[in-house]
1. Could you list, in sequence order, the residues of segment 85-136 that are polar (S, T, N, Q) and surrounded by fewer than 19 Cβ atoms within 10 Å (Cβ to Cβ)?
2. Has segment 58-77 got at least one residue that is surrounded by 14 or more Cβ atoms within 10 Å (Cβ to Cβ), free of Cβ contacts under 8 Å to residues at least 60 places away in the same chain, out of contact with any helix residue (DSSP H, G or I) (no Cβ under 6 Å at 6 or more places or on another chain) and farther than 17 Å from residue 115 by Cα?
3. Please list, ordered by first then second residue, the pairs with beta carbon atoms under 7 Å, 6 or more apart or interchain, first in segment 108-133 and under 17 Å from residue 42 (Cβ atoms), second away from the ligand (no atom under 12 Å from the Cβ) and acidic (Asp, Glu).
4. Out of the helices (runs of 4 or more DSSP H) lying entirely within segment 1-86, which hold 3 or more residues that are of a type in the set (Ser, Thr, Tyr), at pLDDT 95 or above and within 12 Å of the ligand (Cβ to nearest atom)?
5. For residue 119, state whether it is of a type outside the set (Gly, Ala, Ser), away from the ligand (no atom under 13 Å from the Cβ) and more than 10 Å from residue 38 (Cα to Cα).
6. So which residues in segment 95-116 are of a type in the set (D, E, K, R) and more than 8 Å from the ligand (Cβ to nearest atom)?
7. Go through segment 74-86 and give me each residue that's within 15 Å of the chain's Cα centre (by Cα) and among the hydrophobic types (A, V, I, L, M, F, W, C).
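The values are calculated or read from the model by the stated rules, or taken from the named source; none is laboratory data. Quick caveat: nothing in here was measured; it's all calculated off a predicted structure. Every residue, glycine among them, receives a Cβ derived from its backbone with ideal geometry; neighbour counts consider all protein chains shown.
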Amino acid sequence: MKKIIIALDGYSSCGKSSTAKRVAAQLGYAFIDTGAMYRAVSLYLYENQIDYTHAEAVEQALANIQISFQFNEERGASDVYLNGVNVESEIRKMYISQLVSQVSSIASVRKAMVAQQQEMGKQKGIVMDGRDIGTKVFPEAELKIFMTADPVIRAERRRLELLQKGDDVPLAEILENLQQRDLQDSTRAESPLVQADDAILLDTSYMTLDEQVAFVVNHHHAIVEKLG
Ligand code: DC
């Protein structure tokens, strides 16, 4: 079977990663959560007290940042590693969510991450989720999906996710963070979050995860069949 690139872009907490993870498992594709990479960079800057507004310091820091993914059998997905340390759970915390939009809008950070992502997708057979995968990282991706959902529904989903990890964050705070990030991600100068002209819109507000997965998998099969 011919392998393709699936680009899953969209707003924060629309279910991109959960969908991408399941689609990848069904298709036997690799899954890369590019948000995790920007989160790992943010964690590095935070831990090393590097001022993200200081361009030179950020560039220097990037030279010392190694990001990799390693499959975690228990979770059925890859965990992200920062310089050899598993940071999968740390990068999901609120203090990183509050920092990551600023960090991901820095040109040098994007350049470094995009180069790594392009390398990861060279062999195709990959599902990559993020904000600029269909527009910037893989403009030639055979399947592009742009995900959106009602902000309140997204915040409720995120709250549940955090609660399951023992992090009890008020709904209003999550909603505020989501909307803030959406605004920053969509209005930044570097690779803003926009729907690619050839992306298919998927509103997940009233869809189950199974339905979202089926939507992407069905489109995948139709494309692969056409490619022959
Ligand atoms: O998907 P996420 O919420 O984990 O992403 C964290 C942040 O990283 C998000 O606010 C925007 C940024 N991001 C980006 O700019 N480009 C990507 N390809 C992925 C994420």
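1. Across segment 85-136, the qualifying residues are 86, 89, 98, 102, 108, 116, 118, 123.
2. Within segment 58-77, none of the residues are surrounded by 14 or more Cβ atoms within 10 Å (Cβ to Cβ), free of Cβ contacts under 8 Å to residues at least 60 places away in the same chain, out of contact with any helix residue (DSSP H, G or I) (no Cβ under 6 Å at 6 or more places or on another chain) and farther than 17 Å from residue 115 by Cα.
3. So the pair list comes out as 108/59.
4. In segment 1-86, 34-47 are the helices (runs of 4 or more DSSP H) which contain 3 or more residues that are of a type in the set (Ser, Thr, Tyr), at pLDDT 95 or above and within 12 Å of the ligand (Cβ to nearest atom).
5. yes
6. If the condition is that a residue be of a type in the set (D, E, K, R) and more than 8 Å from the ligand (Cβ to nearest atom), then 111 is the only one that fits.
7. Residues satisfying the conditions are 77, 80.
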